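A.B. asks: Can you keep this structure in mind? I'll have questions shortly.
The values are calculated or read from the model by the stated rules, or taken from the named source; none is laboratory data. Only a predicted model underlies this, so the values are computations on that prediction, with no experimental measurement involved. Cβ: placed from backbone, ideal geometry, glycine included. Neighbour counts: every protein chain shown. Keep in mind that these areas ignore ligands, DNA and RNA; they rest on the heavy atoms of the full protein, side chains included. Shrake-Rupley method; radii C 1.70, N 1.55, O 1.52, S 1.80 Å.
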Amino acid sequence: MKAIYRRHKIHRRRRPPCKRQKRKMMLSILFACSVAVFSLLFLLLILYCDGEADIPENGTIVEVAESQIGNDGDTYWNWYGFDQHVDWCACFVSWCAERCGYIKGGKAPKFADCREGVEWFIANKQWKGERVMPKAGMIVFFDWDASGDADHAGIVKACKDGVIYTIEGNSGGRCRERKYPVGSDEIYGYGVIG
(Lines give C-alpha, C1' and ligand atoms only; values in the text may rest on other atoms or scores of the structure.)
Protein backbone atom coordinates (compact mmCIF):
# COMPACT_ATOMS: atom_id res chain seq x y z
CA MET A 1 0.00 0.00 0.00
CA LYS A 2 2.85 2.31 0.80
CA ALA A 3 4.34 1.81 -2.64
CA ILE A 4 1.10 2.85 -4.30
CA TYR A 5 0.82 5.90 -2.11
CA ARG A 6 4.30 7.01 -2.99
CA ARG A 7 3.68 6.63 -6.71
CA HIS A 8 0.51 8.58 -6.60
CA LYS A 9 1.76 11.20 -4.20
CA ILE A 10 1.01 14.57 -5.60
CA HIS A 11 4.12 16.56 -6.13
CA ARG A 12 3.60 20.15 -5.27
CA ARG A 13 5.34 22.76 -7.25
CA ARG A 14 7.02 25.45 -5.30
CA ARG A 15 5.22 28.69 -5.45
CA PRO A 16 7.22 31.65 -6.66
CA PRO A 17 8.11 34.01 -3.80
CA CYS A 18 5.60 36.76 -3.26
CA LYS A 19 6.50 40.42 -3.70
CA ARG A 20 7.05 40.93 0.02
CA GLN A 21 9.54 38.05 0.18
CA LYS A 22 11.35 39.36 -2.92
CA ARG A 23 11.59 42.81 -1.38
CA LYS A 24 13.03 41.42 1.88
CA MET A 25 15.55 39.35 -0.05
CA MET A 26 16.64 42.32 -2.17
CA LEU A 27 16.96 44.58 0.90
CA SER A 28 19.10 41.95 2.64
CA ILE A 29 21.37 41.67 -0.39
CA LEU A 30 21.58 45.47 -0.74
CA PHE A 31 22.42 45.85 2.95
CA ALA A 32 25.13 43.19 2.78
CA CYS A 33 26.67 44.84 -0.29
CA SER A 34 26.58 48.28 1.36
CA VAL A 35 28.31 46.97 4.47
CA ALA A 36 30.98 45.31 2.32
CA VAL A 37 31.60 48.49 0.28
CA PHE A 38 31.79 50.76 3.35
CA SER A 39 34.09 48.30 5.10
CA LEU A 40 36.39 48.26 2.09
CA LEU A 41 36.41 52.07 1.89
CA PHE A 42 37.17 52.31 5.60
CA LEU A 43 40.08 49.88 5.27
CA LEU A 44 41.45 51.81 2.29
CA LEU A 45 41.17 55.04 4.26
CA ILE A 46 43.13 53.55 7.15
CA LEU A 47 45.78 51.98 4.91
CA TYR A 48 46.40 54.92 2.62
CA CYS A 49 45.54 57.99 4.66
CA ASP A 50 46.66 57.11 8.21
CA GLY A 51 45.84 60.59 9.45
CA GLU A 52 46.12 64.07 8.01
CA ALA A 53 49.83 64.08 7.43
CA ASP A 54 50.20 61.51 4.71
CA ILE A 55 48.87 63.71 1.95
CA PRO A 56 50.54 67.01 2.77
CA GLU A 57 49.70 70.12 0.83
CA ASN A 58 53.28 71.29 1.23
CA GLY A 59 55.01 67.92 0.98
CA THR A 60 57.83 69.36 -1.10
CA ILE A 61 59.38 71.25 1.81
CA VAL A 62 59.29 68.07 3.91
CA GLU A 63 61.11 66.17 1.16
CA VAL A 64 63.76 68.89 0.90
CA ALA A 65 64.22 68.95 4.68
CA GLU A 66 64.47 65.14 4.86
CA SER A 67 67.25 65.21 2.28
CA GLN A 68 69.32 67.41 4.64
CA ILE A 69 69.15 65.24 7.79
CA GLY A 70 72.61 64.87 9.31
CA ASN A 71 74.09 68.02 7.72
CA ASP A 72 75.68 70.80 9.76
CA GLY A 73 74.80 74.48 9.39
CA ASP A 74 77.51 75.83 7.04
CA THR A 75 75.34 75.49 3.92
CA TYR A 76 72.39 77.33 5.42
CA TRP A 77 74.05 80.29 7.16
CA ASN A 78 76.38 80.82 4.15
CA TRP A 79 73.37 80.78 1.80
CA TYR A 80 71.70 83.38 3.99
CA GLY A 81 74.76 85.64 3.80
CA PHE A 82 76.52 85.06 7.12
CA ASP A 83 80.27 84.41 6.99
CA GLN A 84 80.48 82.76 10.42
CA HIS A 85 78.44 80.47 12.65
CA VAL A 86 75.04 81.78 13.79
CA ASP A 87 72.02 80.08 15.30
CA TRP A 88 70.84 78.63 12.03
CA CYS A 89 67.49 76.88 12.57
CA ALA A 90 65.62 79.71 10.80
CA CYS A 91 68.24 79.80 8.01
CA PHE A 92 67.60 76.07 7.47
CA VAL A 93 63.82 76.56 7.25
CA SER A 94 64.29 79.49 4.85
CA TRP A 95 66.76 77.52 2.73
CA CYS A 96 64.24 74.66 2.38
CA ALA A 97 61.43 77.11 1.53
CA GLU A 98 63.62 78.80 -1.09
CA ARG A 99 64.39 75.43 -2.73
CA CYS A 100 60.63 74.90 -3.12
CA GLY A 101 60.03 78.35 -4.63
CA TYR A 102 57.94 79.47 -1.63
CA ILE A 103 59.99 82.59 -0.89
CA LYS A 104 60.00 83.83 -4.48
CA GLY A 105 56.28 83.03 -4.73
CA GLY A 106 55.50 85.03 -1.57
CA LYS A 107 54.24 81.92 0.27
CA ALA A 108 56.90 81.97 3.00
CA PRO A 109 59.43 84.48 4.38
CA LYS A 110 63.19 84.46 4.23
CA PHE A 111 64.19 84.87 7.88
CA ALA A 112 67.20 84.27 10.09
CA ASP A 113 65.51 85.33 13.34
CA CYS A 114 62.54 83.26 14.46
CA ARG A 115 60.67 86.34 15.71
CA GLU A 116 60.81 87.84 12.20
CA GLY A 117 59.34 84.63 10.80
CA VAL A 118 56.47 84.70 13.29
CA GLU A 119 55.78 88.38 12.50
CA TRP A 120 55.65 87.61 8.76
CA PHE A 121 53.21 84.72 9.17
CA ILE A 122 50.97 86.80 11.47
CA ALA A 123 51.02 89.81 9.11
CA ASN A 124 50.12 87.58 6.17
CA LYS A 125 47.31 85.83 8.09
CA GLN A 126 49.11 82.49 7.85
CA TRP A 127 49.58 81.97 11.58
CA LYS A 128 48.08 79.20 13.74
CA GLY A 129 48.34 78.99 17.52
CA GLU A 130 50.10 76.27 19.45
CA ARG A 131 46.96 74.23 20.13
CA VAL A 132 46.08 73.35 16.52
CA MET A 133 46.63 69.93 14.98
CA PRO A 134 49.55 70.66 12.61
CA LYS A 135 49.95 69.27 9.12
CA ALA A 136 53.05 68.27 7.22
CA GLY A 137 54.78 71.26 5.68
CA MET A 138 53.83 73.76 8.38
CA ILE A 139 56.65 75.71 10.03
CA VAL A 140 56.74 75.07 13.78
CA PHE A 141 58.09 77.73 16.13
CA PHE A 142 59.26 77.00 19.66
CA ASP A 143 59.66 79.09 22.81
CA TRP A 144 62.25 77.05 24.73
CA ASP A 145 62.86 79.57 27.48
CA ALA A 146 59.18 80.52 28.05
CA SER A 147 60.00 84.18 27.31
CA GLY A 148 56.92 84.73 25.14
CA ASP A 149 59.04 84.92 21.95
CA ALA A 150 59.93 82.28 19.40
CA ASP A 151 63.55 81.15 19.66
CA HIS A 152 63.68 78.01 17.47
CA ALA A 153 62.02 76.81 14.26
CA GLY A 154 61.58 73.61 12.31
CA ILE A 155 59.40 71.93 9.70
CA VAL A 156 56.50 69.63 10.57
CA LYS A 157 57.10 66.27 8.93
CA ALA A 158 53.98 64.52 10.23
CA CYS A 159 51.43 64.46 13.02
CA LYS A 160 50.16 61.04 14.07
CA ASP A 161 48.57 59.68 17.24
CA GLY A 162 49.09 62.90 19.18
CA VAL A 163 52.78 63.20 18.28
CA ILE A 164 54.32 65.89 16.06
CA TYR A 165 57.35 64.76 14.05
CA THR A 166 59.66 67.56 12.93
CA ILE A 167 62.85 68.17 11.00
CA GLU A 168 64.94 70.92 12.55
CA GLY A 169 68.19 72.65 11.79
CA ASN A 170 70.64 73.51 14.59
CA SER A 171 69.39 70.64 16.73
CA GLY A 172 72.53 69.47 18.46
CA GLY A 173 74.57 71.17 15.71
CA ARG A 174 72.91 69.20 12.89
CA CYS A 175 69.69 68.75 10.94
CA ARG A 176 67.72 66.19 12.92
CA GLU A 177 64.32 64.60 13.28
CA ARG A 178 62.58 65.28 16.58
CA LYS A 179 59.17 64.58 18.10
CA TYR A 180 56.87 66.36 20.55
CA PRO A 181 53.39 65.78 21.96
CA VAL A 182 50.66 67.86 20.32
CA GLY A 183 50.08 70.96 22.46
CA SER A 184 53.53 70.80 24.08
CA ASP A 185 54.34 73.87 26.21
CA GLU A 186 57.51 74.48 24.16
CA ILE A 187 55.50 75.02 20.94
CA TYR A 188 54.86 78.69 20.24
CA GLY A 189 52.76 78.25 17.08
CA TYR A 190 52.78 77.41 13.38
CA GLY A 191 53.29 79.23 10.12
CA VAL A 192 51.17 77.92 7.26
CA ILE A 193 52.87 78.01 3.87
CA GLY A 194 50.69 79.23 1.18
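A.B. asks: So, in segment 60-110, of the ones that are in contact (Cβ under 8 Å) with a residue 12 or more places away in the chain and of a type in the set (Val, Ile, Thr), which residue ends up surrounded by the most Cβ atoms within 10 Å (Cβ to Cβ)? Working first, answer last.
C.D. replies: So the first thing to find is which residues in segment 60-110 are in contact (Cβ under 8 Å) with a residue 12 or more places away in the chain, and the list is 60-62, 64-66, 68-73, 75-77, 79-80, 82, 85-100, 102, 107-110.
Those still in the list that are of a type in the set (Val, Ile, Thr) too: 60-62, 64, 69, 75, 86, 93.
Numbers: 60: 17, 61: 26, 62: 23, 64: 17, 69: 12, 75: 16, 86: 16, 93: 30.
Among those residues, the one meeting the criterion is 93.
A.B. asks: If you don't mind, there's one more thing I want to ask. In this structure, does residue 194 turn out to be open to solvent by 40 Å² or more (accessible area, probe 1.4 Å) and in a loop (DSSP other than H, G, I, E, B)? Talk me through it step by step, then tell me what you get.
C.D. replies: Values: open to solvent by 40 Å² or more (accessible area, probe 1.4 Å): yes; in a loop (DSSP other than H, G, I, E, B): yes.
The answer is yes for residue 194.
A.B. asks: Does at least one position in segment 26-49 carry a residue that is surrounded by 14 or more Cβ atoms within 10 Å (Cβ to Cβ), over 22 Å from residue 150 (Cβ atoms) and either in contact with a Phe, Trp or Tyr (Cβ under 7 Å, 6 or more places away or on another chain) or modelled with pLDDT under 65 (or both)?
C.D. replies: No, segment 26-49 contains no residue that is surrounded by 14 or more Cβ atoms within 10 Å (Cβ to Cβ), over 22 Å from residue 150 (Cβ atoms) and either in contact with a Phe, Trp or Tyr (Cβ under 7 Å, 6 or more places away or on another chain) or modelled with pLDDT under 65 (or both).
A.B. asks: In addition: Go through (1) in contact with a helix residue (DSSP H, G or I) (Cβ under 9 Å, 6 or more places away or on another chain); (2) open to solvent by 10 Å² or more (accessible area, probe 1.4 Å); (3) over 16 Å from residue 61 (Cβ atoms) one by one and return the number of the condition residue 189 breaks.
C.D. replies: Going through (1) in contact with a helix residue (DSSP H, G or I) (Cβ under 9 Å, 6 or more places away or on another chain); (2) open to solvent by 10 Å² or more (accessible area, probe 1.4 Å); (3) over 16 Å from residue 61 (Cβ atoms) one by one, residue 189 breaks only (2).
A.B. asks: Taking the stated definitions as given, is residue 154 under 18 Å from residue 116 (Cα atoms) and buried (at least 22 other Cβ atoms within 10 Å of the Cβ)? Even if it seems obvious, please write down each step before you answer.
C.D. replies: Values: under 18 Å from residue 116 (Cα atoms): yes; buried (at least 22 other Cβ atoms within 10 Å of the Cβ): yes.
Answer is yes for this residue.
A.B. asks: Out of the residues in segment 111-140 that are open to solvent by less than 70 Å² (accessible area, probe 1.4 Å) and among the small types (Gly, Ala, Ser), state the one that is farthest from residue 73 (Cα to Cα).
C.D. replies: Ranking the candidates gives 129 first.
A.B. asks: Now for a different question. Restricting to segment 165-186, name every residue that is open to solvent by 20 Å² or more (accessible area, probe 1.4 Å) and either in contact with a Phe, Trp or Tyr (Cβ under 9 Å, 6 or more places away or on another chain) or without any contact (Cβ under 8 Å) to a residue 40 or more places away in the chain (or both).
C.D. replies: If the condition is that a residue be open to solvent by 20 Å² or more (accessible area, probe 1.4 Å) and either in contact with a Phe, Trp or Tyr (Cβ under 9 Å, 6 or more places away or on another chain) or without any contact (Cβ under 8 Å) to a residue 40 or more places away in the chain (or both), then 165, 170, 172, 177, 178, 179, 181, 185, 186 are the ones that fit.
A.B. asks: Sticking with this structure for a sec: Restricting attention to segment 143-164, and to residues there that are of a type outside the set (A, V, I, L, M), in contact with a helix residue (DSSP H, G or I) (Cβ under 8 Å, 6 or more places away or on another chain) and free of Cβ contacts under 8 Å to residues at least 60 places away in the same chain, which single residue is nearest to residue 65 (Cα to Cα)?
C.D. replies: 151
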